[in-house]
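Notes to accompany the following structure.
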C-alpha cells in the first residue's frame, strides 16, 4: 500500500438522490487528502453540477458501455490504467463499478475502497444493504481510514434564480418521479388540491420536475392558475437556490427532493410501500416523512398540516 495516496479516483455514477447524499463522504475524502489530485468518475447528468463543488481536480464522464461493447471497455481500461491512481473510493458500490476494479487486471491495481472482492479496503459489513445510504458510506470510509464524515451539504452551490421572477412566499411541489414506479407517486389530484389551498393562503405553488414529469406538473398547473410551472426549466443548482427561498416543499420520493431537503428547505417527503425511508430518506435540517402503504390513503389535510405554514 502507498503511504500517502496522492492520486485519487472517486466513483459516483448516479442517481440524483444518491449523488446528493454522497456529498458528505466526498467532502470527507477531499479533507482527508488535502494535497492529493482527485478525479471524479460520474454520469453525464452530474458532471457539470459536481464540477462546481471545488472538490475535484478533474471530472470524467462514464460512458456506461454495454457489456458487449468491447471497444468502449478497452478505452475505459486504458484510461484507468494510464491514470495510475493510488487509491479509488467506489461510492457507487454496484456490480458495474466493482467491475472496474477487475478491469484493471492484469498488473498492479490501486488501493480500493468498496465492495469488490480482494479490495484493499473492503466494506466488510454483511448488513451494509440494511443501512441508510449516508450511514453506509460513512462506515465504508471509516474502514478506509477516514473517520470524520459530515452530513450531506450543498452549501457550495451558488445560483441566481431571479430570472424566474417568483415572489415569496412560495412552496415547491414535486409531483413527478420515475415513470415506471407509479406506486411512488401521490395522486396528481391531491397535489392539485394542495396547490389550490396554498394559493388561497397567498402562497405560490412552484412546480419542479423533469420533462418526463410534464403530465403531472402540467395537470396541477392547468387546474391552479396561480401555480408556476418550472418543469424542465431548472438546473440542479437552481433547484438549490429555489429551495433556500421556499417556505416549504412537498414531493414524492424522487431525486429533486434530496436536493431540496439538503439545501435546508422544510421538506415533506411522501413514501409508499415501494421505498423504505430507513434506507434512503431525504436528509436535511427539517425533514418530515409521511408514509402509507398506498399513497392514495394519504389525505391532503395530513400533508397540508405537515407543512406547518403559519
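Just so you know, all these numbers are worked out from the coordinates, no wet-lab data involved. Bear in mind the structure is a predicted one, so any value in this text is a computation, not a measurement. Glycine gets a Cβ as well: all are built from the backbone with ideal geometry, and neighbour counts include every protein chain shown.
Here are the numbers for the structure shown:
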{"item": "Gyration tensor (alpha-carbon) shape descriptor, the range 7-143, a/c threshold 1.5", "result": "rounded"}
{"item": "Shape category assigned to the chain from the gyration tensor of Cα positions, a/c cut at 1.5", "result": "prolate"}
{"item": "Compactness of the range 198-240, expressed as Rg and Dmax over alpha-carbon positions, Å", "result": "10.7, 30"}
{"item": "The chain, relative contact order [Cα under 8 Å, separation at least 6], %", "result": "16 percent"}
{"item": "Angle between the chain longest axis and helix 236-245 axis [Cα atoms, degrees, rounded to 10]", "result": "50 degrees"}
{"item": "The chain - mean residue ellipticity at 222 nm from DSSP helices (-39,500 (n - 2.57) per run, n ≥ 4, rounded to 500)", "result": "-10000 deg cm²/dmol"}
{"item": "Unit Cα scatterers, Debye sum, the range 86-165: log10 I(q)/I(0) for q = 0.14 Å⁻¹", "result": "-0.56"}
{"item": "Which of 75, 109 has the fewest Cβ neighbours within 10 Å, and the rest in rising order", "result": "75, 109"}
{"item": "The range 201-237 versus the range 152-171: alpha-carbon centroid distance in Å", "result": "15 Å"}
{"item": "Residues 262, 42, sorted so that the one with the fewest Cβ neighbours within 10 Å comes first", "result": "42, 262"}
{"item": "Prolate/oblate/rounded call for the range 149-242, Cα gyration tensor, a/c under 1.5 rounded", "result": "oblate"}
{"item": "Expected-Rg normalisation [2.2 N^0.38 Å, Cα atoms] applied to the range 252-291", "result": "1.01"}
{"item": "In degrees, nearest ten, helix 70-83 long axis to first principal axis of the chain (Cα)", "result": "70 degrees"}
{"item": "Alpha-carbon centroids, the range 284-310 and the range 39-85: separation in whole Å", "result": "39 Å"}
{"item": "Mean Cβ neighbour count within 10 Å, used as a protection proxy, ranking 160-166, 134-140 highest first", "result": "134-140, 160-166"}
{"item": "Contact order normalised by residue count of the range 110-158, Cα under 8 Å, 6+ apart, percent", "result": "26 percent"}
{"item": "Packing-based exposure ordering (other Cβ within 10 Å, fewest first) of 254, 267", "result": "254, 267"}
{"item": "Average Cα contact separation per residue, the range 163-307, under 8 Å, 6 or more apart, as relative contact order %", "result": "25 percent"}
{"item": "Order by protection proxy (mean Cβ within 10 Å, highest first), peptides 47-58, 6-17", "result": "6-17, 47-58"}
